[in-house]
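Values in this text are rule-based calculations from the coordinates and carry no lab data. Please read all numbers here as calculations on a predicted model, not as lab measurements. Note that each Cβ is placed from the backbone with ideal geometry, even for glycine, and that neighbours are counted across all protein chains shown.
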Amino acid sequence: MHRPVADGNQPYNTLSIRALDQSHHMHPFSNQQDIISEGGVRVITHGEGVYLWDSEGERLFDGMAGLWCVNIGYGRKELADAAARQMEELPYYNTFFRTTTPVAAELAAEIASVSPNNLDRVFYTNSGSEANDTNIRLARLYWKRLGRPERKAIISRQNAYHGSSIGSGSLTGLNFMHDIAGMPIADVHHAPAPFWWRDGRGQTLEEHCIWALDELEATIRHVGAENVAAFIGEPVQGAGGVLTPPPGYWRGVQEICRKYDILLICDEVVCGFGRTGHWFGSQTYAIEPDIITTAKGLSSGYLPIAASVFGDRLASVLMDRPGPMNHGFTYSGHPVAAAVALENIRILKRERIVERVGEETGPYFQAKLRELLDHPLVGEVRGVGLMAAVELTRDKEGRTPIEPVSSLATPVRDLCFKTGLITRGVRDSLIFSPPLVISKDEIDWLVKRLRDNLDQFIG
């Protein structure tokens, strides 16, 4: 698939697009002056399967599935057709005033059919950030209606990513996200999370797990368990560096939450809809959450849609008793986005994509990446299913951090980008999250290209 034209007649004018972008577009998570000094943005024009093309006709292998989200790959006409049909039938109506649409109701049932732990009630939002803001409100409202309004604290974790709005950004445990006054908001606390490669030197993996659980319980006691509404965590910490939990960690978290009667929220924005080889990361790690956050893979990123999903524990208080939920968004349950998400889930089911990740491509991907452990610059490979991190080091034995941080990962990432492979650098690691439709041959190509590029930095 090669379409280096904008309207069927004229080629894309890269310089013109860059000029418009530079004059009018403020990019997220970017330093605008860096973009200018580097000659402007790369203009992505179209995609097919696991590949993207830019305005110069260069092909890129998308090793990140956009932003962890294009699960069924690019160019799926079924999703475009679903959007077009819904546009013609009913392009928009809200779900505020005792109304719904057929597709919003159908999607809610479809989400319930695949969700873990009998979670079958859906509150629609438009992004993971909005869904996690919603989760703060759900948890606090739950305890307020039970006559415990003092239970409003939320325990999150260091290295967590839960969004970038004021509320969800406060839940995020990355310090650079708290660079403005008032963040994090009051009553949000961050406990250490397990990161064995960096923080567990001198510990076995089991010892590091025990340490992380002890730190979580100590944080709860410091805040006062009687003040804590909920704990929130990603099954695998994605943007924090694909930090996989050590064996027994999530079992321990659940025991702590039950001990102190704390709601358990699993942020499944990255892990959900097949990324870990199950429909949800909660299933991969035998977690029984009270609430899950969904977004990204819900529509494979084709249209913005997200949801908070919960079960009887919250529904019995928030839905089955009198009292309004004074919260929502103009586009909650947007019918076109819902139609696309509904078809996306049906494709995942029909083509058994989730099962294929769990049984075939996920294990193959992890095994192939672990072949890089013989490389002098690779200290650790961690991951599950089709998400992974390759930790770079110049000191395999002592695991001394690279100084300055990212001074190796960023140049390797940039070389990968120049040679047709999209990856992402997080501190000293390169992270991957390819579309779930990736083939074994494509996995082989990705790993070889990464090895070849790493070779350029030996010495």
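Odds and ends about this structure:
- Across region 398-403, coupling constants 3J(HN,Hα) worked out from phi with the 6.51/-1.76/1.60 Karplus curve, θ = phi - 60°, read x, 6, 5, x, 6, 10 Hz, and Gly and Pro carry x.
- Over all pairs of different C-alpha atoms, region 102-208 has a mean inverse distance whose reciprocal, the Kirkwood radius, equals 16.2 Å.
- Neighbour-count order for 354, 270, 381, 405, fewest beta carbons within 10 angstrom listed first: 405, 381, 354, 270
- Cα pair count fraction exceeding 34 Å, expressed as % - region 79-350: 17
- Separation of alpha-carbon centers, region 270-324 and region 339-418, rounded to whole Å: 24
- Residue-count net charge about residue 154 - beta-carbon cut-off 9 Å; Lys, Arg +1, Asp, Glu -1: +1
- At R0 = 41 Å, FRET efficiency that the Cβ-Cβ distance of residue 406 and residue 251 yields, to 0.05: 0.75
- Packing-based exposure ordering (other Cβ within 10 Å, fewest first) of 250, 279, 197: 197, 250, 279
- Among the listed pairs 77/349; 152/259; 396/440; 77/296; 296/349, those beyond 23 Å (Cα-Cα): 396/440
- For residue 163, net neighbour charge (Lys/Arg +1, Asp/Glu -1) across residues whose Cβ lies under 11 Å away: -3
- Helical segments meeting 20 Å axial Cα length and Kyte-Doolittle 0.5 threshold in the chain (DSSP H): 335-350
- Cβ-defined net charge surrounding residue 203, 14 Å radius [Lys, Arg +1; Asp, Glu -1]: -2
- Counting all C-alpha pairs of region 251-343, share separated by more than 20 Å (%): 47
- Taking amide H positions as modeled 1.01 Å from N, with prolines and chain starts lacking one, the residues under 5 Å from residue 49 and 5 or more places away or on another chain are 74, 75.
- Normalised by 2.2 N^0.38 Å, where N is the number of residues, the C-alpha radius of gyration of region 366-459 stands at 1.01.
- In a simple Cβ point-charge model (Lys, Arg +1; Asp, Glu -1; nothing else charged), region 79-350 has a dipole of about 320 debye relative to its Cα centre.
- Rounded to the nearest 20, the size of the Cβ-charge dipole of the chain about its Cα centre is 640 debye, with Lys and Arg at +1 and Asp and Glu at -1.
- About the centre of its Cα atoms, region 190-274 shows a dipole size close to 80 debye [charges on the beta carbon of Lys, Arg (+1) and Asp, Glu (-1) only; nearest 20 debye].
- A cut-off of 5 Å between modelled amide H atoms, ignoring neighbours fewer than 5 places along the same chain, links residue 379 with 391, 392, 393.
- Stretched out straight at 0.36 nm per residue, the stretch from residue 46 to residue 67 would grow longer than its current Cα-Cα span by 6.0 nm.
- Sorting the Cα pairs of region 31-121 by distance into bins of 5 Å, from 0 upward, gives 3, 10, 12, 13, 16, 15, 11, 10, 8, 4, 0 percent per bin.
- Stretching the chain fully between residue 372 and residue 394 yields a gain of 6.5 nm (0.36 nm per residue, less the alpha carbon separation).
- Sorted by Cβ neighbour density within 10 Å, fewest at the top, the residues 418, 368, 296: 418, 368, 296
- Residue range of the chain that is longest and free of GluC sites (Glu not before Pro) which are both DSSP loop and sparsely packed (at most 14 other C-beta within 10 Å): 151-350
- Residue-wise HN-Hα coupling along region 177-185, computed from phi with Karplus coefficients 6.51, -1.76, 1.60 (Hz; x: Gly, Pro): 7, 10, 8, 10, 4, x, 10, x, 5
- Adding -39500 (n - 2.57) for every DSSP H run of four residues or longer, then dividing by how many residues the chain holds, sets the calculated 222 nm ellipticity at -11000 deg cm²/dmol.
- Considering only the chain, percent of DSSP beta bridges that pair antiparallel, nearest 5: 65
- Simple label model, 7 Å out from Cα along Cβ direction - residue 455 to residue 315, nm: 5.6
- Summarising the label geometry, the points placed 7 Å from Cα in the beta-carbon direction at residue 16 and residue 84 lie 2.7 nm from one another.
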